[in-house]
Every structure is written in structure tokens, then in C-alpha cells.
Amino acid sequence: MTILFNTFIIIVVVQVCRIHGFPKLNSCQQRYKYYTRSDWEALPASYVTPLVTPVPNVVIHHTYKPDACTTHQECIQAMKSMQAYHQSLDWGDIGYNFCVGNSGDVYEGRGWDVKGIHAGPANGVSIGICLIGDWRVNQPPEDMLEATKSLIESGIEQGYIKPDYKLVGHKQVMATECPGTALFNNISKWDHFF
Ligand SMILES: *[C@@H]1O[C@H](CO)[C@@H](O)[C@H](O)[C@H]1NC(C)=O
Ligand SMILES: [Zn+2]
């Protein structure tokens, strides 16, 4: 009876996790901390274009500037400064769908279902994830890379990313050095790299 009851509880918890998809602190799996737009006090987007999901691609970026952030406060500042800059370019909002800090905390940009401005021709067919910092020479920290992989997994589980997605670096779709040589070499060893 106890075993049956425990099994029942586990099934309920798993189902609740599935249905609600993306709990704020990702409490179903505890894979990374997740901060919403209101958590970092994002300004409202001045316009929003829906993204058709599930998308077939994930595009990886570095920021180059702002620098890598190691504390929550620094990461919030980075998010705010990127949003201000991108809005000044008339992009309506921060360009990326998500950003990741050094400790592996994930910050919501446009989120899963809004078309980003980060990869030119690929904007409408991808989720853009930026790893905050300059990753031309230094490898990003392990926690940051693991959180990025988990974020992609979460996107698949929730139906926003196709399970057979292609992973690319920004420079594969546009003339840019982004996501930096060190990060690019790193993602080139990941599953789904195209
Ligand atoms: C990617 O970066 C991580 C963390 O810095 C490192 O442990 C790993 O060896 C790197 N992988 C490649 C292929 O460079
Ligand atoms: Zn980029």
C-alpha cells in the first residue's frame, strides 16, 4: 500500500512538472536557476513577433560585450544593458531568446515563443541563446555550458525545439566572429552540431 501510494505521488509530481513545463526555479529537475523578465526588471517589449515552434535550429552566441557576469547582480546589469542597447537599435527588445551567466543561471530574454533578432535569416527558425561574455580565447565555465545544454533539453521537452534540431554558432549563418573561437570549438563537439 505504501509503495503504491509513493508511486502515485511520484507520478503526480512528474505529470505536474510536464504540464507546467518550465517552473521558475526549474524545481522538477533542479538543472539550473531560471530568472524571468520581471526578475531582472526587463522593460516591456515595444513590439513582439510570434515565433513558429517547434523550431528546427538553436543558434549559440557570445556577447563579446558585456563581459562575463559571475554574480546575479552583474548578470542583471548585463541583461538590462543589452536590452537598452537593442531597443536603441529599434529591435523592440533584447535580441536573444535566453541568456546564460557564468554560474549557469538562465535569464529569460524573449522567451520560447517570440521571434528573436540575433541571427539574421535564422531569426524565424531558431531559438537564440547567448552565453554572456567574450569567449574568443577562454572556454566558458562548465556550469554555463551544462545549463545551456539543459535549457535546450527543456525546450525540446516543452515542444518549442524539434527533437532533431540543428545546433549552430552565429557565424554559421552570418559573417561574424560570434560565438567566439573557444566557445565555437566547444559546441562543435556537442550533439546536434551541424
Ligand atoms: C568545453 O569547455 C569545458 C568547460 O570549460 C571543458 O571542460 C571542455 O573540455 C571543453 N570542450 C571542448 C571540446 O573544448
Ligand atoms: Zn551572435
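The values are calculated or read from the model by the stated rules, or taken from the named source; none is laboratory data. Keep in mind that this is a model prediction, so the values were computed, not measured. For the accessible areas, the whole protein counts, side chains as well, though only heavy atoms, and no ligand, DNA or RNA atoms are used. Shrake-Rupley method; radii C 1.70, N 1.55, O 1.52, S 1.80 Å.
Report in % the part of the accessible area of segment 33-187 that belongs to carbon and sulfur, leaving out ligands and nucleic acids; probe 1.4 Å.
Its accessible area is 53 percent carbon and sulfur atoms.
Report, in whole Å, the centroid distance computed from the Cα atoms of segment 77-130 and segment 56-71.
Value for the Cα centre distance between the two parts: 9 Å.
Leaving out same-chain residues fewer than 8 places away, which lysines sit with a Cα under 25 Å from that of Lys80?
Output for Lys80: Lys24, Lys33, Lys65, Lys115, Lys149, Lys171.
Can you give the accessible area per residue of segment 33-187, in Å², using a 1.4 Å probe?
42 Å²
Can you tell me the equivalent ellipsoid semi-axes for segment 74-127? Use √(5λ) from the Cα gyration tensor, largest first, whole Å.
Equivalent-ellipsoid dimensions as semi-axes: 18, 14, 8 Å.
Mean separation of Cα pairs under 8 Å and 6+ residues apart, divided by the residue count of segment 33-187: what relative contact order is that in percent?
Relative contact order, segment 33-187: 33 percent.
Going by Cα centres, segment 40-55 and segment 139-192 are how many Å apart?
The two parts, judged by their Cα centres, are 20 Å apart.
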